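Student: This is the structure, below, for whatever I ask next.
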Amino acid sequence: MDEDALIEELRTGRVTAVLDVFQHEPPSKGSPFYDLPNCIIAPHIAGSINEECKRLGRQALKELKHYLTGEPFENEVTQDMLDKIA
């Protein structure tokens, strides 16, 4: 994908993009992809199907329950971890 061309097109507002793969993972800090209102950045779950989607949904609900009840998360992502994961 030509990311520069996509950014130019997104800036026109004519299209919306939902992206989960980039040339460099993750996009560099300050990348326009983060600020464009018509660009949605998704985690690498686009290829998940069937039972994996159900498992992810169950886990999301469990974590929501933990949040609502003030319990610690099972799979918490901290600020310190963000530079190390994509």
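Student: Being out of contact with any Leu (no Cβ under 9 Å at 6 or more places or on another chain) and surrounded by 14 or more Cβ atoms within 10 Å (Cβ to Cβ) is the filter here; which residues of segment 28-49 pass it?
Tutor: S31
Here is a yes/no grid of residues against (1) surrounded by 11 or more Cβ atoms within 10 Å (Cβ to Cβ); (2) in the same structural domain as M1 (by TED's automatic domain parsing):
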residue: T16; (1), (2): yes, yes
residue: L19; (1), (2): yes, yes
residue: Q59; (1), (2): yes, no
residue: L68; (1), (2): no, no
residue: F73; (1), (2): yes, no
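Student: Right, P32: out of contact with any strand residue (DSSP E or B) (no Cβ under 7 Å at 6 or more places or on another chain) and in contact (Cβ under 8 Å) with a residue 60 or more places away in the chain or not?
Tutor: Working: out of contact with any strand residue (DSSP E or B) (no Cβ under 7 Å at 6 or more places or on another chain): yes; in contact (Cβ under 8 Å) with a residue 60 or more places away in the chain: no.
In short, no.
Student: Can you tell me how many residues in segment 19-55 are part of a helix (DSSP H, G or I) and either modelled with pLDDT under 85 or not hydrophobic (A, V, I, L, M, F, W, C) (or both)?
Tutor: Adding up the residues that qualify gives 8.
The values are calculated or read from the model by the stated rules, or taken from the named source; none is laboratory data. This is a predicted model, so every value here is computed, not measured. Every residue, glycine as well, gets a Cβ built from its backbone with ideal geometry; the counts of neighbours run over all protein chains shown.
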